[in-house]
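The values are calculated or read from the model by the stated rules, or taken from the named source; none is laboratory data. Predicted model only: the values in this text are computed from it and were never measured. Note: ideal-geometry Cβ built from the backbone for every residue, glycine included; neighbour counts use all protein chains shown. Note: areas computed on protein heavy atoms with side chains; ligands, DNA, RNA excluded. Shrake-Rupley method; radii C 1.70, N 1.55, O 1.52, S 1.80 Å.
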Amino acid sequence: DEKTTWLTGINSSLIFVVLCCVSFAIRYSLFLVLYPFGVTSELAVIRPVVYGVPESWHVLPYGALGTLCLYWFVYVPFFPMLFGHMLAQRKKILGGGQKVKKE
């Protein structure tokens, strides 16, 4: 039926547009939870990895604990800076809302 085909085409186009809009909003909002979770997971996983590697493979002369501390002291201070940058990008793309002028 020609009418059913026409309606199906409109429905699929509408669904596509809605999914694009929803995925766009999710892209810039889901990182609020996933990024800190990813950083925490990475910091938790690196400990067994560093301690599981033979001592002869360590690049730094500090041993496993020194390598782990160096990794944490480099990684952790940059997290707030990177997270702030991502928040600024989110605000730029999604908009920060209207500010009310006080008279």
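Descriptive notes on the structure:
- Label sites at residue 26 and residue 42, each approximated as a point 7 angstrom past Cα along Cα to Cβ, lie 2.3 nm apart.
- Rolling a 1.4 Å probe across the protein heavy atoms gives the range 27-95 an accessible surface of 75 Å² per residue.
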